[in-house]
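Enquirer: This is the structure I have questions about; it appears just below.
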Amino acid sequence: MARRKKKKFIAKKHTLMPKHVKLSEKDKKSLLEKYHINLKELPKILATDPAIQALGAKSGDVIKIVRHSPTAGEINFYRGVANE
Amino acid sequence: MATLKEYQDKLPPKLFEELKDETKGMADSKAKKVAEAVYEEFRMSRVEPGESVGLVGAESIGEPGTQMTLNTFHFAGVAEMNVTMGLPRIIEILDGRAKIKTPMMEIFLKNPYNKGKDIKKIALSVRETVFRDIATEFLINLADSTIEAKMSKKKMDDLSVTDNMVLKAITGTVKGITARIKENVLIVKTKGKEESLNEIYRLKEKLKDIFIKGVKGIKQVLPVKREDEFIIITAGTNLNEVLQLEFVDEERTITNDIFEIADILGIEAARQAIINEVYKVIESQGLNVDIRHIMLVADTICSAGRIKGITRYGVVSEKSSVLARASFETPIRHIINASLVGEVDELTSVVENVMLNQPIPVGTGLPGLVTKSTKVDK
């Protein structure tokens with residue numbers, strides 16, 4: 001009777017979930033150049049992360065996250081996609 | 001306002017919006033003066049390059065933490081439901097414990113249910129119901145080797161459980177038995193030949209925990225009115241299944257289990273949840289910690305893409321220096337392991353240099369300067 005689905009819920013929108021955008025190759029390059037860093041130095045996001053499933057991102061991509069910060073308003077944060 | 005345009009890039013968006021509101025209707029020259037003063041103030045209050053933000057953050061959370069220890073025992077437990085609060089909760093979050101002491105959910109409902117429609121019925125439908133909840137008496141009939149369980153009609157009506165649901169749940173979970181219901185008594189008989197008493201007893205215990213309806217893991221429900229809508233607070237958590245129920249507002253429903261959030265909503269949501277949860281504890285204790293310190297800790301915990309607690313298994317295990325790792329916890333094990341593989345300590349961070357009585361390389365955002373030395377001819 002219980003309507004239990006073993007399937008995992010795919011979250012699309014949630015108050016806790018900020019917007020995730022995949023950076024284009026060009027934007028990625030200019031970002032890394034701006035901060036003089038390489039991809040490995042960025043904070044990571046797993047390729048299996050539920051928030052980026054719709055973006056089809058793979059290892060080596062950079063995800064831009066538009067955070068809502070109580071101190072600064074809207075702020076951009078970047079994470080590099082990593083396998084494990 | 002054209003005069004403020006140039007400050008848009010210099011100031012954070014929130015500050016800029018505030019500035020725009022405040023200078024509305026001012027003369028352009030005056031507005032520019034205000035903007036200049038605001039920018040100057042903002043520039044002065046920024047973190048300077050080379051500030052040891054981690055150390056400041058640790059002190060800023062640690063000092064109020066000492067106050068919290070004393071308060072914990074007085075405030076433990078909220079009026080209606082027992083919740084881990086105070087320092088134990090902070091430790092739980094920052095250590096990144098996968099199993100938390102008091103998991104809880106706040107289930108928001110969709111219109112019209114959030115106005116109180118069928119609120120009791122909905123709340124009960126979310127709660128996990130096992131056979132134990134409706135049974136009142138268990139008997140083992142030794143002569144026929146059957147189990148007879150008396151069920152309370154009243155409890156079944158309250159939880160809207162029917163005979164059929166019980167039968168289906170029981171025959172669906174346990175194989176090799178026949179079950180029938182006669183006048184509110186469930187009779188379970190094993191199909192095989194004569195079973196030993198021991199096995200029948202084990203079957204009886206198994207029956208008690210058979211899941212009949214609801215959401216697994218939700219042990220208790222409590223509908224409450226918050227502001228002008230009804231929400232359901234639960235003890236126990238199962239974000240995945242609750243979000244799939246059709247009357248649940250899947251955009252606002254939250255749990256206090258950080259790992260579950262990371263699993264269902266992603267690492268960024270988990271970061272936000274860590275900040276919210278830690279801040280909630282600190283606020284409820286009447287303490288005041290700047291939210292930026294908590295953000296820094298949350299960023300550190302989540303920077304690897306999954307939750308890593310501030311423990312010897314989490315972020316500390318990623319430190320490059322052997323001495324730094326050894327200084328945290330279990331020093332001998334770290335040193336033995338490092339010597340077995342011949343690790344080299346580059347002495348690039350703080351702790352190991354303190355040990356060796358050397359100046360410490362400290363500060364966030366400081367560039368390392370490399371110069372080319374040229375020979376000067378005399």
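The values are calculated or read from the model by the stated rules, or taken from the named source; none is laboratory data. Computed from a predicted model, the values in this text were never measured in an experiment. Ideal geometry is used to build each Cβ from the backbone, glycine not excepted, and the neighbour counts take in all protein chains shown.
Enquirer: Among the residues of the stretch B:239-249, count how many are under 16 Å from B:G266 (Cα atoms) and either more than 9 Å from every other protein chain (Cβ to nearest Cβ) or free of Cβ contacts under 8 Å to residues at least 60 places away in the same chain (or both).
Expert: The number of residues fulfilling the criteria is 2.
Enquirer: Going residue by residue through the stretch B:114-134, is there one that turns out to be assigned to a strand (DSSP E or B) and either surrounded by 14 or more Cβ atoms within 10 Å (Cβ to Cβ) or within 34 Å of the chain's Cα centre (by Cα) (or both)? Break it down into steps so the answer makes sense when it comes.
Expert: Residues of the stretch B:114-134 assigned to a strand (DSSP E or B): B:129-130.
Next, from what is left, pick out any that are either surrounded by 14 or more Cβ atoms within 10 Å (Cβ to Cβ) or within 34 Å of the chain's Cα centre (by Cα) (or both): B:129-130.
Yes, there is a match, as at least one residue in the stretch B:114-134 is assigned to a strand (DSSP E or B) and either surrounded by 14 or more Cβ atoms within 10 Å (Cβ to Cβ) or within 34 Å of the chain's Cα centre (by Cα) (or both).
Enquirer: Next question, about the same structure. How about the stretch B:253-283: which of its residues are among the basic types (K, R) and within 18 Å of B:P103 (Cβ to Cβ)? Write out each step before concluding.
Expert: Pass one, the stretch B:253-283, residues among the basic types (K, R): B:271, B:280.
Within the stretch B:253-283, just B:K280 meets the criteria.
Enquirer: Regarding B:R97, is this residue at pLDDT 85 or above and more than 14 Å from the chain's Cα centre (by Cα)?
Expert: no
Enquirer: Condition test on A:K12, is it within 9 Å of chain B (Cβ to nearest Cβ) and loosely packed, with under 14 Cβ neighbours inside 10 Å?
Expert: Here the answer is yes, as A:K12 does meet what is asked.
Enquirer: Condition first: under 29 Å from A:R67 (Cα atoms) and under 20 Å from the mean Cα position of the chain (by Cα). Can you find one or more residues in the stretch B:315-326 that meet it? Lay out the reasoning, then the answer.
Expert: Initial filter on the stretch B:315-326 (under 29 Å from A:R67 (Cα atoms)): B:315-319.
Narrowing further to those that are under 20 Å from the mean Cα position of the chain (by Cα): B:315.
Yes, that holds for at least one residue.
Enquirer: Then there's this: Quick check on the stretch B:170-192. Is at least one of its residues at pLDDT 80 or above and small (G, A, S)?
Expert: no
Enquirer: If B:L207 satisfies all but one of (1) touching a helix residue (DSSP H, G or I) at 6+ places or on another chain (Cβ under 7 Å); (2) modelled with pLDDT under 80, what's the number of the condition it fails?
Expert: It fails just one condition, (2).
Enquirer: Would you be able to tell me the number of residues in the stretch B:250-266 that are β-branched (V, I, T), more than 8 Å from chain A (Cβ to nearest Cβ) and not in a strand (DSSP E or B)?
Expert: Count: 2.
Enquirer: Separate question: Take B:G57 and decide whether it is modelled with pLDDT of 85 or more and at positive phi.
Expert: On the way: modelled with pLDDT of 85 or more: yes; at positive phi: no.
The answer is no for B:G57.
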